[in-house]
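Worksheet for the structure shown next.
The values are calculated or read from the model by the stated rules, or taken from the named source; none is laboratory data. The structure displayed is predicted, hence computed values, not measured ones. Positions of Cβ are generated from backbone atoms using ideal geometry, with glycine treated the same way; all protein chains shown enter the neighbour counts. Each accessible area value is taken on the protein alone, full model and side chains, heavy atoms only, with ligands, DNA and RNA left out. Shrake-Rupley method; radii C 1.70, N 1.55, O 1.52, S 1.80 Å.
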2 protein chains.
Amino acid sequence: MRTSIATVCLSGTLAEKLRAAADAGFDGVEIFEQDLTVSPHSPEQIRRRAADLGLTLDLFQPFRDFEGVEEAQFEANLRRMEAKFALMNRLGIDTILLCSNVATATIDDDGLFAAQLRRAGELAERYDVRIAYEALAWGRFVNDFEHARRIVDLAGHPRVGTCLDTFHILSRGWSTDAVEEIAGEKIFFVQLADAPQLSMDILSWSRHHRVFPGEGDFDLVKFMRHLARTGYDGPVSLEIFNDSFRKAEVGRTAVDGLRSLRWLEDQTWRALHAAGEGKAAEALELSPLPEVADPEGVDFVEISTGRLGETIKVLHQLGFRLGGYHRSKPQFQVWTQGPVRVVIGDRGPTGAPTGITSLGVRTPDPAAAQARAHLLQARPVPRERAAGEVELHGVYAPDGTEVFFSGLAPETAPAWLAEFGVTDNDLEPAPLITGIDHVNLAQPWQHYDETVLFYTSLMALETHSREEFPSPIGLISNKVMRSANDTVRLLLSVAPEDGEQGDFLAAAYPEHIAITTTDIVAVARRARQRGLAFLPVPENYYDDLQARFDLTPAFLAELRENDLLYDRDADGEFLHFYTGTLGTMFIEVVERRGGFSGWGENNAPVRLAAQYRNVRDAERGIPQ
Amino acid sequence: MRTSIATVCLSGTLAEKLRAAADAGFDGVEIFEQDLTVSPHSPEQIRRRAADLGLTLDLFQPFRDFEGVEEAQFEANLRRMEAKFALMNRLGIDTILLCSNVATATIDDDGLFAAQLRRAGELAERYDVRIAYEALAWGRFVNDFEHARRIVDLAGHPRVGTCLDTFHILSRGWSTDAVEEIAGEKIFFVQLADAPQLSMDILSWSRHHRVFPGEGDFDLVKFMRHLARTGYDGPVSLEIFNDSFRKAEVGRTAVDGLRSLRWLEDQTWRALHAAGEGKAAEALELSPLPEVADPEGVDFVEISTGRLGETIKVLHQLGFRLGGYHRSKPQFQVWTQGPVRVVIGDRGPTGAPTGITSLGVRTPDPAAAQARAHLLQARPVPRERAAGEVELHGVYAPDGTEVFFSGLAPETAPAWLAEFGVTDNDLEPAPLITGIDHVNLAQPWQHYDETVLFYTSLMALETHSREEFPSPIGLISNKVMRSANDTVRLLLSVAPEDGEQGDFLAAAYPEHIAITTTDIVAVARRARQRGLAFLPVPENYYDDLQARFDLTPAFLAELRENDLLYDRDADGEFLHFYTGTLGTMFIEVVERRGGFSGWGENNAPVRLAAQYRNVRDAERGIPQ
């Protein structure tokens, strides 16, 4: 698939954008006119630079407010267009994007639109360029891709075709079925954008909230299947107006963008082949990535700490046992309880904050997952390995978390445990703890969308829900991503980094590991006996629980006594408690009764308020 | 006017919110239930704390999803309500906010709503509390304040009244005229919110984008006039859900909130008195602030610099002359050209960046302006004054800029100039420069709304327009505020502080002073002769100008030759140039021909790209 990206997606100067697009591996770019206008480089210099970088210049855009006007105005518009055709000749670009008229059209007449497009086509002929006419979703008279296509047909000029932009089609809720009815050779260009479903005016939605394919809610695979059937063989290009991308580091945005196209290409190839339409994939030159099956649970979590003592104390209080030390890297130790394994990287008595550094995810075919990750330009984690040790491949997630692809060994000890001197015989039964319910990772807001695509494209996770909840330092945004088989659940949280509420932010939103039990009261009692510092739950919370759920006094007393929080939905109940904070993390224990589908989000404000008070009190020197 | 604020408006813990509200001078607060639920303080402790701080607890809120349900569900709802009434008794709060049912109502029957409210009223009687029923704009069956009022009338219970919330009324575009038809004693509570006009779903708009009165687009003065006529004599309370306020420093938000109510009170008092309805102002106990007349131009701009040499060089190149040194503070010097006066604070050869520190605004009655500013809790600028020197009062704007209230002296030298040894005789004619067109100040995003209210309430500026424009580091948001007589124009810009594009951000979005000329070509030529480093304008820009405006070759050559930028609208033309950047600022020279109403926003991207390249090249050691 020929890949392209509009320069408006990227930050920096035009020269910086070109370099980033080339470095990421795009085949070409669309030149967004304003990027050229503000550039000190001449069109000829830009043309040479692109050639040096191996990039084609696929489109010059946008040309606005052309058709549907009186003759005098039209002649002025033609002169304006001719100046741009001359500029395109200097740039060596053969296609211009013409947007349906928004501001100046006064005459609603398809015949006139077509006649004016035909005259534009005659001018284009003289400059050896062609015109791709696109219906903007907010066009004055033309705002529907089928309407634009009819006008192009009516114009009947070989230099006039259409441009399809998925945002303008899908934002209006239109079906993409009719894409198939367009002749491939009349589709002069294709722009792709995804977007979250938002209820707002389309123009603002378009200008600020587009995202790369796979990061939003649009069904782009379906669009691509229809497109493939037309025989279209041109570039598939990203045109994303996004406030964050505009200010993010340009190289990283470009890699994220190319990853989105590779993922979409793979999905489209698979959908076509599954439907017996492999032939349709050929014109677009689609090729697949190595296939990854759904992951099957979290194999281990790794914590790094410069305060080993307090960290292992909490693990012990929760019932974990020390398994052993890594034979070639003795700074690593493993703690286990049933199927839950926590690796600790001991940074010595440095006081470095305790935090989650790595996840091991059980993957049916780690080699394929690694190969796919490589093709998607995920950055590999360098890892030393002594002779005889298990090969473990990992990549950095956008937030810096190391994600490792473990093999499947759900019932017995995975092979890597032997490197810690742990064998199947060492694993005592631990009936209370049954697995990892979820892992919550804090995300920098700049890379939230990138993270979604990372887990979607590398590990086939799906965005399951989104919510936001209040805290003393502002709203926390949260997305739940999970595998289709529900064995891996990640909560990705974005905290307000720019607040003014002091060190709670400097310490970062605390991440956590939630482990599952079948008997939370027993786990809580054991932990209390061993002296665990629970995160305190206010009395007011229990008063409110009582008012909301009409609980029995005995049950309420049990919750109170064990610092348990509670929630309920139509399908079940959820009981949980939190440990105090260790550096930038804590541990949660949860029990699900019945089919409760949440993860305790209704109680998150209670937790955040308590964590905030602890940080603030610590600042004031009040002992915890 | 009795002032109140909902705790949900503020960041931090409940205890911190109470202190901030008291410190700002509010009379009372609304307790937002979740703030209490997550608090470790008991209801009795909160009650005592509020009393100690001199705050009344005016409302407990919200109670949701009550009416319009089957009997069994209703009885459960009554039990839930009774628990909250008991809690209110512990808190000492006598009014609860009941929101119209959003989620659970199944029966659309005003008779049933009224009957269920009456039964709630009977329960309220037992607890000596009362119920303020409010129509949420997205209520299932009741979403209109007049409908809520009819249900309250139908319920006919003395413990059941209504709550008016301006957001729920004005977001639907409804007239507030019918407020007058409600009996004052049936209005149990009033919540005020302003908001910018946005085209998005009302729930998201409400939850994220409310602002304090005077910071948005709603006509709250009109609402207040109708309210005053009802005889309502309860608190007027702020209920603002705003993502920025939730994370901002709590004390500052509280002061901003109280300022908004004081301003609104003043405006309402004036509107009522102007209409001969002074009597209506009495029930609400409205009182006015000292009146300020419109300002009449910028008296001076003060620049602070640790690089005096390069700063005065540019002033000289633009035609300014050194007037003299301040007689008691010789580190200050003044440069003048016609009516434009630039004071320079010389920080010695420290290399401290050059930037705009103060504005002097010509004000008909500086003492009244200062008194008003004091009542609006603006922080005064401390200023030493030797005997015989002019008294000059100033306050800090939210971004830290010092704003001074100068008297009127437009034709002759203002009195303070004499302190620099400048008399009328020293002021040579300077026909080329006629005034200050506008001043552009960078704003931290956290305080953008606060800044708008600051200039609105202290100086009677009005928000004239908003726009945003792209730059290599992201979108810049911009608001133009100006005096009604158009003699003072401020451009307030918010740049993306969180971008990843390096030192352009560390150096901050560059602010500027724009001075007006009647002959920009002459000013540019003189400046070039004197060696001014103009901000370079790319050739591509002129090519595009030609295509857009069809300019004569001679005129285009004149623009090119003088590094001038150009814009045009239906009413006139705009020519301008920029100097290179000095620290965090630069100077612009503008010429308006005809009635052009913009300020060059269409050319801002050209400027920002050039400034970005300069910063980046400087980082790389490329000489400027």
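Values for this structure:
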| read-out | value |
| --- | --- |
| Karplus (6.51, -1.76, 1.60) ³J(HN,Hα), θ = phi - 60°, over region A:49-59, in Hz, Gly and Pro reported as x | 4, 4, 4, 4, 7, x, 9, 8, 9, 8, 7 |
| A:Ile93, B:Ile107, reordered so the largest accessible area comes first (probe 1.4 Å) | B:Ile107, A:Ile93 |
| Residues losing 40 Å² or more accessible surface upon assembly, region B:182-214, compared with the chain by itself, 1.4 Å | B:Ser199, B:His208 |
| Within chain B, percent of DSSP bridges classed antiparallel, to nearest 5 | 55 percent |
| Nearest-first distances (nm) between copies at A:Thr423, label 7 Å from Cα via Cβ | 10.6 |
| Other-chain or far-sequence residues with amide H under 5 Å of B:Leu136's (modelled H) | B:Ser100 |
| Cα-based Rg and Dmax for region A:1-47, where Dmax is the largest Cα-Cα distance (Å) | 10.2, 33 |
| Distances in nm from B:Ser287 to the matching label points in the other copies, shortest first (labels 7 Å along Cα to Cβ) | 8.1 |
| Kirkwood Rh, Cα atoms: Rg over Rh of region A:275-340 | 1.37 |
| Per-residue SASA entry for B:Val250, accessible area with 1.4 Å probe, Å² rounded to 10 | 20 Å² |
| Fully extended contour minus Cα-Cα distance, from A:Glu291 to A:Asp571, at 0.36 nm per residue | 97.3 nm |
| 7 Å along Cα→Cβ, label-point gaps from B:Thr434 to other copies, nm, shortest first | 8.2 |
| Largest to smallest principal axis extent of the C-alpha atoms in region B:111-191, angstrom | 38, 25, 18 |
| The protein assembly as shown - convex hull of the alpha-carbon atoms, volume per residue in Å³ | 202 Å³ |
| Inter-site label distance for B:His316 and A:Glu75 at 7 Å from Cα along Cβ, in nm | 5.5 nm |
| Tilt relative to chain B, helix B:250-274 - C-alpha long axis, 0 to 90 degrees, to 10 | 90 degrees |
| Region A:298-619, accessible area per residue, ligands and nucleic acids excluded (1.4 Å, Å²) | 37 Å² |
| Value of [θ]222 nm, deg cm²/dmol, for the protein assembly as shown, DSSP H segments ≥ 4, -39500 (n - 2.57) each, nearest 500 | -10500 deg cm²/dmol |
| Accessible-area value, B:Met1, 1.4 Å probe, nucleic acids and ligands omitted, Å² | 20 Å² |
| A:Thr106 paired with B:Ser175, simple spin-label distance in nm, labels 7 Å along Cα-to-beta-carbon | 3.6 nm |
| Proximal charge balance of B:His464 [Cβ under 14 Å; K/R count +1, D/E count -1] | -3 |
| Local electrostatic count at A:Thr56 - Lys and Arg +1, Asp and Glu -1, tallied over other residues with Cβ under 11 Å | -2 |
| Contact surface A-B: accessible area buried, both sides summed, square angstrom, 1.4 angstrom probe | 4500 Å² |
| Most to least accessible of A:Arg172, A:Arg262 (protein chains only, probe 1.4 Å) | A:Arg172, A:Arg262 |
| All-pairs Cα distance distribution in region B:3-283, expressed in whole percent, bin size 10 Å | 7, 30, 37, 23, 3, 0 |
| Alpha-carbon centroids, region B:476-493 and region A:226-246: separation in whole Å | 39 Å |
| Sum of side-chain charges, B:Ala254 neighbourhood, beta-carbon under 12 Å (Lys, Arg +1; Asp, Glu -1) | -1 |
| Degrees, to the nearest 10: A:71-91 long Cα axis against longest axis of chain A | 70 degrees |
| Scattering profile of chain A at q = 0.06 Å⁻¹ [log10 I(q)/I(0), Debye over alpha-carbon scatterers] | -0.40 |
| Nearest-ten-degree value, helix A:520-529 long axis tilted from longest Cα axis of chain A | 50 degrees |
| Set B:Lys84/B:Lys247; A:Lys17/A:Lys247; A:Lys17/A:Lys279; B:Lys17/B:Lys247; A:Lys17/B:Lys479; B:Lys329/B:Lys479 screened for pairs whose C-alpha atoms are more than 24 Å apart | B:Lys84/B:Lys247; A:Lys17/A:Lys279; A:Lys17/B:Lys479; B:Lys329/B:Lys479 |
| Rg/Rg_ref, region B:298-619, where Rg_ref = 2.2 N^0.38 Å and atoms are Cα | 0.98 |
| The protein assembly as shown, accessible surface, carbon-and-sulfur percent (1.4 angstrom probe) | 49 percent |
| Amide H within-cut-off set for A:Arg130, under 5 Å, with H built and near neighbours excluded | A:Thr95, A:Ile96 |
| Amide proton proximity set for A:Ile515, modelled H, under 5 Å, gap of 5+ | A:Asp437, A:Glu588, A:Val589, A:Val590 |
| Closest approach to the axis - chain B beta-carbon, rotation onto A, Å | B:Met200, 2 |
| Per-residue HN-Hα couplings for region A:218-230 [Karplus 6.51, -1.76, 1.60; θ = phi - 60°; Hz; x = Gly/Pro] | 6, 8, 7, 5, 4, 4, 5, 5, 4, 4, 4, 5, 6 |
